[in-house]
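Q: Take this structure first; my questions come after.
The values are calculated or read from the model by the stated rules, or taken from the named source; none is laboratory data. Predicted model only: the values in this text are computed from it and were never measured. A quick note on method: Cβ atoms are made from the backbone with ideal geometry, for glycine too, and the neighbour counts reach across all protein chains shown. The accessibility values were calculated without ligands, DNA or RNA, using every heavy atom of the protein model including side chains. Shrake-Rupley method; radii C 1.70, N 1.55, O 1.52, S 1.80 Å.
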Amino acid sequence: MVVQHRNYVGGEWVSVSAAREVVNPATGAVIATVAESSAADVAAAVRAARDAFDSGPWRTATAQARGRLLFEMARIVREHAADLAHLETRNCGKPIVESEMDVQDAATCLEYYGGLATKIHGETLPVPDNALNLTLKEPVGVVGLIVPWNYPLLLAMWKLGPALSAGCTVVLKPAEQTPLSMLEFARLVHEHLPELPPGVLNVVTGDGPVAGRALVESMEVDQVAFTGGTETGREVLHGVARSNLKKVSLELGGKSPNIFFSDCDLDAATDGALFGVFINQGEVCSAGSRVLVQRTIAAEFLARMREKTARIRLGDPLDRATKMGPVVSREHMERVLAAIERGRAEARLVAGGGRAAALPAGCFVEPTIFESDNAAWIAREEIFGPVVTVIPFDDEADAIRIANDTPYGLAAAVWSRDIFRCLRVVKAVRAGIVWVNTMQPCYVESPWGGYKQSGHGREMSLQGQDEFLETKQVHINLSEAPLAWY
Ligand code: NDP
């Protein structure tokens, strides 16, 4: 049965005039239709969020009440975790085991920010004795949340948790390909959490250049928090500049180096190299898509990577034994395959290189390994699929030079038994997240975000909540003496 979804606006389900189909990338089947929102449909959601912020009970709700609502949301997510994970996998193709972890992480994120709601506070500042100077932390207001398709529910919660905890009201736009888990989250909240005032949470679906742009350029939105590609991020900044100069945070792309020195444990390291890039079909902003290997071990390293890659199980993402599902859509599969073709012109193909022939109905791409230097196009461009380039290096200085030779700066990892070398690399690499002898662990307690063209601001952690708060300075004159200036 094809389920028909509507927008969630002002606490109600609202129909719009156009619809779009949502496809299961593992089978090609249409599994739902969702609203194809126009700019006017988005404006209606913004109005609901504006009213809820300006005159609704949310603004005067206590921090404890906001925190409790977030804990309730987390409880609802955990209670419906199996259904949410199943829906996520059917919509975006990620292996069910990974969707289950995402859903638990989504609940943990809501709990973390539920707890933080009561820890928002300003400071008193050491001004001269005849005055009292302090800061108040206040919610930014109405925020537009725009999320991509690779971790649809989890990345939505990374933004929703801190925004609601701070006291903002939100309009969230999921990616056009993967709106279902967020719509289901809204349905569950609507059904089980009547205490949430209408208009605090709004969800609009639709196309980025129409619905996303309408949010970005709305004069009534106070902030946009965006996760997506670097070029789209540039568009978002233009839109913000064209409209009301709203606050903006950007979590963008990457081409992260995963660096292996010759003294690393080869077995653990090659597992780390593959996990670092092929988890979630390589559709990960922090994917270790450049594997830098010290030249003395490069041949052995590549041989082991190739041998382990041949064992990666591609297939039905609902099967618990599957390690890699389809990429998100036919269009994206064509893009990844075209990138692989272009890669073949400059780089040596070591493994994979095409569509998985045994799975013709779905958007399955073989895990693909190239070897080249860092100048090759395939080593520089974010492919956002199961494609990795192995790049040999000579020594520590060479590794650091190559690692930093990219416009991106989201993440990096370094593997060696020499902790002093690891720490030198940690300090030298220009990236927002650096792992040592591992890659990809991610915790809500710790900040996430990039240097250089990987974005502005940080998500998660205390800093992630600060993104949704304004700081107001309050200065109180304590002196009874007149100013006597004129
Ligand atoms: P896109 O940039 O294509 O889309 C991201 C979101 O922006 C989608 O909701 C999209 O809508 C919307 N959008 C598209 N155009 C506009 C526009 N002009 N104005 C406003 N919104 C718009 O990215 P993908 O969905 O393809 O996601 C992949 C990218 O996300 C990769 O580059 C990846 O690195 C990055 N990413 C970064 C993360 C980080 O934390 N740094 C985490 C995860 C991903 P629609 O899809 O409906 O068109």
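Conditions (1) surrounded by fewer than 24 Cβ atoms within 10 Å (Cβ to Cβ); (2) touching a Pro at 6+ places or on another chain (Cβ under 6 Å); (3) over 18 Å from Ala273 (Cα atoms), marked per residue:
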| residue | (1), (2), (3) |
| --- | --- |
| Phe364 | no, yes, yes |
| Ala376 | yes, no, yes |
| Ala379 | no, no, no |
| Glu382 | yes, no, no |
| Gly385 | no, no, no |
| Val388 | no, no, no |
| Asp395 | yes, no, yes |
| Ala403 | no, yes, no |
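Q: How do the pairs read when you match residues in region 109-125 that are basic (Lys, Arg) with residues anywhere that are open to solvent by 60 Å² or more (accessible area, probe 1.4 Å), using Cβ under 9 Å and keeping only pairs 6 or more apart or on different chains?
A: That search, which allows pairs on different chains as well, returns Lys119/Leu462.
Q: Hey, another quick one. Every residue in region 449-470 that is acidic (Asp, Glu) and either within 11 Å of the ligand (Cβ to nearest atom) or open to solvent by 50 Å² or more (accessible area, probe 1.4 Å) (or both), please.
A: Once the filter is applied, which keeps residues that are acidic (Asp, Glu) and either within 11 Å of the ligand (Cβ to nearest atom) or open to solvent by 50 Å² or more (accessible area, probe 1.4 Å) (or both), region 449-470 yields Glu459, Asp466, Glu470.
Q: For Met182, are the conditions met, namely being in a helix (DSSP H, G or I) and more than 12 Å from the ligand (Cβ to nearest atom)?
A: no
Q: Also: Return yes or no: is Ser446 open to solvent by 40 Å² or more (accessible area, probe 1.4 Å) and under 21 Å from Thr108 (Cα atoms)?
A: Judged against the criteria, Ser446 is a match.
Q: I've got another one for you. Among (1) part of a helix (DSSP H, G or I); (2) within 13 Å of the ligand (Cβ to nearest atom); (3) without any contact (Cβ under 8 Å) to a residue 40 or more places away in the chain, where does Leu172 come up short?
A: The one condition Leu172 does not meet is (1).
Q: Among the residues of region 122-131, is any within 16 Å of the ligand (Cβ to nearest atom), open to solvent by 30 Å² or more (accessible area, probe 1.4 Å) and hydroxyl-bearing (Ser, Thr, Tyr)?
A: There is no residue in region 122-131 that is within 16 Å of the ligand (Cβ to nearest atom), open to solvent by 30 Å² or more (accessible area, probe 1.4 Å) and hydroxyl-bearing (Ser, Thr, Tyr).
Q: For the subset of region 233-251 comprising residues that are outside any helix (DSSP H, G or I), within 24 Å of Trp448 (Cβ to Cβ) and touching a helix residue (DSSP H, G or I) at 6+ places or on another chain (Cβ under 7 Å), which member is farthest from the ligand (Cβ to nearest atom)?
A: Checked region 233-251; the qualifying residue farthest from the ligand (Cβ to nearest atom) is Lys246.
Residue-wise test of (1) open to solvent by 80 Å² or more (accessible area, probe 1.4 Å); (2) outside the structural domain of Asn150 (by TED's automatic domain parsing); (3) assigned to a helix (DSSP H, G or I).
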{"residue": "Ser37", "(1), (2), (3)": "no, no, no"}
{"residue": "Ala40", "(1), (2), (3)": "no, no, yes"}
{"residue": "Ala49", "(1), (2), (3)": "no, no, yes"}
{"residue": "Trp58", "(1), (2), (3)": "no, no, no"}
{"residue": "Arg68", "(1), (2), (3)": "yes, no, yes"}
{"residue": "Arg75", "(1), (2), (3)": "yes, no, yes"}
{"residue": "Leu84", "(1), (2), (3)": "no, no, yes"}
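Q: Got a number for residues in region 274-326 being part of a strand (DSSP E or B) and among the charged types (D, E, K, R)?
A: 1
Q: Can you find a residue that is open to solvent by 10 Å² or more (accessible area, probe 1.4 Å), within 17 Å of Gly10 (Cβ to Cβ) and not assigned by TED's automatic domain parsing to the domain that holds Glu331 anywhere in region 226-237?
A: no
Q: Further question: Do we find that Ala214 is near the ligand (Cβ under 10 Å from one of its atoms), closer than 14 Å to Asn7 by Cα and either open to solvent by 10 Å² or more (accessible area, probe 1.4 Å) or assigned by TED's automatic domain parsing to the domain that holds Thr62 (or both) in this structure?
A: When the stated conditions are applied, Ala214 does not pass them.
Q: Among the numbered criteria (1) more than 8 Å from the ligand (Cβ to nearest atom); (2) of a type outside the set (Phe, Trp, Tyr); (3) open to solvent by 10 Å² or more (accessible area, probe 1.4 Å), which single criterion is violated by Val189?
A: Here Val189 clears every test but (3).
Q: If Val203 satisfies all but one of (1) open to solvent by 10 Å² or more (accessible area, probe 1.4 Å); (2) touching a helix residue (DSSP H, G or I) at 6+ places or on another chain (Cβ under 6 Å), what's the number of the condition it fails?
A: All conditions pass for Val203, except number (1).
Q: Can you give me the number of residues within region 445-486 that are closer than 27 Å to Pro126 by Cβ, of a type in the set (S, T, N, Q) and in contact with a Leu (Cβ under 6 Å, 6 or more places away or on another chain)?
A: 1
Q: Does any residue of region 12-27 turn out to be of a type in the set (Gly, Ala, Ser) and closer than 17 Å to Leu172 by Cβ?
A: no
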